[in-house]
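Here it is, the structure, as structure tokens.
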Protein chains: 2
Amino acid sequence: MRVIPIRTPLIKPGEDVIDVLLVHLKHMRVHNGDVVSISSKVAGLAEGRIVKLHSILPRSHARLMARTYHLLPSFAQVVIDHADRVIGGVPGTLITLKNGIIVPNAGADQSNAPPGFAILWPKSPEVLAEKIRKAIRKELHRNIGVIITDSGFIPGRRGTVGIAISVAGFDPVRDERGKPDLFRRKMRLTRVNVADSLATAAQVVSGERNECIPFVLIKESYVPLTSIPAKKLTRRLIMRRSQDLFKHHLT
Amino acid sequence: MRVIPIRTPLIKPGEDVIDVLLVHLKHMRVHNGDVVSISSKVAGLAEGRIVKLHSILPRSHARLMARTYHLLPSFAQVVIDHADRVIGGVPGTLITLKNGIIVPNAGADQSNAPPGFAILWPKSPEVLAEKIRKAIRKELHRNIGVIITDSGFIPGRRGTVGIAISVAGFDPVRDERGKPDLFRRKMRLTRVNVADSLATAAQVVSGERNECIPFVLIKESYVPLTSIPAKKLTRRLIMRRSQDLFKHHLT
């Protein structure tokens, strides 16, 4: 597998992220089955999903959360407004459920946002992933996978890994249950979360601060392409509650 | 970043895993700063860390766990014996704390073990990682990073990602706090778990069943090499309790 960072000039609010991506991909060898990863921050910024914190009036719950977890009250209000639910927090971060995914601050981020602003996730990460996939098929005549990524957590582990907040064009979970192991017995618990794994690999090369690497091209990951809609594929990444190790605690 | 699977003949109990690895690496271009990943299963197998399930007498707690989570009672006993603590379970798997890490079944695995046996983690994953690092330095004259990997979970997500159960030779957490973002403000919450990320990338190419890919060579991940002992590096991956999002629930 090859994980290739795509460095771009600074992307500004409202810029067409798909155009920028296509311009860069045209200079690279893109093959059917490649996967392109786009950071949720750049995608949100390009959609103009930025909030002026100064204009937000924090309510009492947000002020309490901000005090407890050392946040700007207006930022806490933005997080509460955009989360499905606030699960808890650590100093500097609220832990939230957003689109059924556990993420910091409901995907809102002050880092790499213009001063005084926070960037939100794109309006619909699934719709955007599908749109990018179709644009690449139309312009470059290639069938590739698309993921939009943010940071996620492994419980008890220091530091973040990547997480796919949406996926288009490929099956995001490799299911090996029922296939034979080395001794030809059937495997039991073995599904690999390929989409989050690719998001994690992309995070290693893209950095999190001023690197200007909003896109990553992943080759030879051998994901199985599919025409199933992005919305359905993205939902496949979410654990059924009966199988979720952390359901009693977190959702 | 390039993530290169290393296919080998079937490794048998007691075989010298370092010899097998060195033989294969000698035929590849290995550079200073590369990282090699070894599956905990193969490492455990090579150390002869296998348990004959038939010879295990399950006690009442193990029998209860086995009933609740649909496991072989003798396997449940093995898991209990080798876990620091059992946190919970889902059908087919106990969720445990082992060496301070949340992993399925305390790292014990019936898949890819000889029939009637379970494979355990290597006795000391840190000691083994350090030993492998030193052997490569001695034989190939290269300073590289080493990780020993197992499967981990992101809460609420279907399928596993990789996790580094030990690390030698490089700093496993990339700390970007205090560094400037695109707008030259200091970053707050941004540490990337590079070791787990590389383990996850390795898992994408190595598969989980009969692929015979016990090793993965990772190039151009630009990890910072260090001579800090593996035990200390591996401990860096574990969240301090005050910072742990899940501490109230899981540990």
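The values are calculated or read from the model by the stated rules, or taken from the named source; none is laboratory data. Here the structure is a predicted model, which is why all the values come from computation and not from measurement. Here Cβ is always computed from backbone atoms with ideal geometry, including for glycine, and neighbour counts include all displayed protein chains.
Pick out the one residue from B:Val167, B:Val216, B:Val192 that is of a type in the set (Val, Ile, Thr) and at pLDDT below 95.
B:Val192
Could you say which residue among B:Pro91, B:Pro115, B:Pro104 is surrounded by fewer than 19 Cβ atoms within 10 Å (Cβ to Cβ) and out of contact with any helix residue (DSSP H, G or I) (no Cβ under 7 Å at 6 or more places or on another chain)?
B:Pro115 is the lone residue from the list that is surrounded by fewer than 19 Cβ atoms within 10 Å (Cβ to Cβ) and out of contact with any helix residue (DSSP H, G or I) (no Cβ under 7 Å at 6 or more places or on another chain).
I would also like to ask the following. Any residue at all in region B:88-96 that's more than 10 Å from chain A (Cβ to nearest Cβ), within 30 Å of B:Gly169 (Cβ to Cβ) and touching a residue at least 24 places away in the same chain (Cβ under 8 Å)?
Within region B:88-96, none of the residues are more than 10 Å from chain A (Cβ to nearest Cβ), within 30 Å of B:Gly169 (Cβ to Cβ) and touching a residue at least 24 places away in the same chain (Cβ under 8 Å).
Right, something else. Mind listing just one residue for me: the one in region B:137-161 that is more than 20 Å from B:Gly88 (Cα to Cα) and within 11 Å of the chain's Cα centre (by Cα) and, of those, farthest from the other protein chains (Cβ to nearest Cβ)?
B:Val146
May I pose another question? Just give me the residues in region B:219-236 being within 14 Å of the chain's Cα centre (by Cα) and either at pLDDT below 95 or of a type in the set (Asp, Glu) (or both), in sequence order.
Once the filter is applied, which keeps residues that are within 14 Å of the chain's Cα centre (by Cα) and either at pLDDT below 95 or of a type in the set (Asp, Glu) (or both), region B:219-236 yields nothing.
Of the residues B:Arg137, B:Arg157, only one is without any contact (Cβ under 8 Å) to a residue 60 or more places away in the chain, out of contact with any Lys or Arg (no Cβ under 6 Å at 6 or more places or on another chain), in the same structural domain as B:Val23 (by TED's automatic domain parsing) and buried (at least 16 other Cβ atoms within 10 Å of the Cβ); which?
B:Arg157
Quick one: which helices (runs of 4 or more DSSP H) lie wholly within region A:33-143 and hold at least 2 residues that are under 18 Å from A:Ala164 (Cβ atoms) and modelled with pLDDT under 95?
Helices (runs of 4 or more DSSP H) meeting the threshold: A:40-46.
Given the options B:Val42, B:Val23, name the one that is over 19 Å from the mean Cα position of the chain (by Cα) and assigned by TED's automatic domain parsing to the domain that holds B:Ile144.
Going through B:Val42, B:Val23 in turn, just one is over 19 Å from the mean Cα position of the chain (by Cα) and assigned by TED's automatic domain parsing to the domain that holds B:Ile144: B:Val23.
For region A:57-84, what are the residues that are charged (D, E, K, R) and farther than 25 Å from B:Arg191 by Cβ?
A:Arg59, A:Arg63, A:Asp81, A:Asp84
Does any residue in region B:1-24 that is surrounded by fewer than 16 Cβ atoms within 10 Å (Cβ to Cβ) come within less than 9 Å, Cβ to Cβ, of a residue that is acidic (Asp, Glu) six or more places away or on a different chain, and which pairs are these?
Hits for this filter: B:Arg7/B:Glu211; B:Pro13/B:Glu47; B:Gly14/B:Glu47.
Can you tell me which residues in region A:201-240 are buried (at least 21 other Cβ atoms within 10 Å of the Cβ), within 9 Å of another protein chain (Cβ to nearest Cβ) and farther than 22 Å from A:His24 by Cβ?
Within region A:201-240, A:Leu237, A:Met239 qualify.
Tally time: how many residues in region A:77-87 are crowded, with 22+ Cβ neighbours inside 10 Å and at the interface with chain B (Cβ under 10 Å from one of its Cβ atoms)?
Residues in region A:77-87 being crowded, with 22+ Cβ neighbours inside 10 Å and at the interface with chain B (Cβ under 10 Å from one of its Cβ atoms): 0 in total.
Could you please let me know if B:Ile163 is of a type in the set (A, V, I, L, M), in a strand (DSSP E or B) and at negative phi?
For B:Ile163, the condition - of a type in the set (A, V, I, L, M), in a strand (DSSP E or B) and at negative phi - is met.
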